[in-house]
Amino acid sequence: MSELFERNPKSVLAKNLRTDTSAFDKIPSGELYIFNGTPYPTNESSSSNTTTGPVGPAGSIPQSGTYSYHLSQQAPYEVPGGSLKIIDPQSFPVASNFAAALFTIKPGAMRELHWHTTSDEWNYIISGQGRLTVFVAPEASQTYDFRAGDVGYIPNTSAHYLENTGDEDLVYVEVLQAPIYNDISVAQWLGLTPKQVVKDHLGFSDETLERLPQVKPYILPGDPDLSKTNFTETKL
């Protein structure tokens, strides 16, 4: 805004805003970019305060066209091991072909092994620490450790997980370029595949086959003691 006004003749600006050129005597020189502004009032909807956005004569923008969505007010989907919130064009229509999920994973728990069918995935770690393995078919895989502030990238159709390796909640955002948030759960995929087919491929016992879920878990509970290897006390 500051550069726009600095780089146009004051006479044009005055004509455009129906004022005198003296109205622009205090515009700053150069791009402000980031600067200290005036704090917003507690009541942002106050019509008497000129720092808030006014409502036009046609009324407020309907939800289908609004450019803001309060994910902080969305109730999380709670599962054993953590929680998640999903935002995509179904809940935020104006954000076409954009989907994201905010995950909170408890210590020792993990975002289940999964892949996405139509989009690469970007991760931004907000807090905590985690470990991720990416499998790129048919035979390549690599493991990475992440901390708050790190960014991860997973190519489309590559299977991966994200495990909380710390002693505090791992919170991160998962971003897709997709018209709806979706993934393929490896556990659910196996659970919905004929048991004999799974047994032929992986050699699972009948007991293991019976434990496979038919509803995707999203997050799997774990133990902060990462040396634990037996999780049969709970069925998905």
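A simple rule links phi to the HN-Hα coupling: the Karplus curve 6.51 cos²θ - 1.76 cosθ + 1.60 with θ = phi - 60°, which for segment 161-169 gives 9, 9, 9, 6, 9, x, 10, 9, 4 Hz, with x for Gly and Pro.
Compute the Cα gyration tensor for segment 76-182, then decide on rounded, prolate or oblate, letting a ≥ b ≥ c be the square roots of its eigenvalues: rounded whenever a/c is under 1.5, prolate when a/b is larger than b/c in the other cases, and oblate in all that remain.
The shape class here is oblate.
Protection proxy ranking for 73-85, 212-224, using the average of other Cβ atoms within 10 Å per residue and placing the highest first: 212-224, 73-85. In this structure, Phe231 and Phe135 have a Cβ-Cβ separation that, at R0 = 22 Å, corresponds to a calculated FRET efficiency of about 0.60.
For Leu162, nonlocal amide neighbours, meaning residues 5 or more places apart or on other chains whose placed amide H falls under 5 Å from its own, are Arg111.
Each helix, a run of at least 4 DSSP H residues, gives -39500 (n - 2.57); summed and divided by the residues of the chain, these come to -3500 deg cm²/dmol at 222 nm. Protection proxy ranking of 11-17, 64-70, by the mean of other Cβ atoms within 10 Å over each peptide's residues and highest first, is 11-17, 64-70. Only one of the values [x] 16.6; [y] 19.1; [z] 13.9 was calculated from this structure for mean projected area of the Cα convex hull in nm²; name its label. This structure yields the entry labelled [y]. Note on Glu210 and Thr38: the model spin-label points, each 7 Å out from Cα along the C-beta direction, lie 7.0 nm apart. Only lysine pairs 8 or more places apart or on separate chains count here, and in the chain those with Cα atoms under 19 Å apart total 11.
Each of Phe103, Phe92 was scored by other Cβ atoms within 10 Å of its Cβ. Arranged with the fewest first, they read Phe92, Phe103.
Summing +1 for each Lys or Arg and -1 for each Asp or Glu among the other residues whose beta-carbon sits under 13 angstrom from that of Lys10 gives 0.
Laboratory data are not the source of any read-out in this text; all were calculated from the coordinates shown. All figures in this text were calculated on a predicted structure; none of them were measured in a lab. Every residue, glycine as well, gets a Cβ built from its backbone with ideal geometry; the counts of neighbours run over all protein chains shown.
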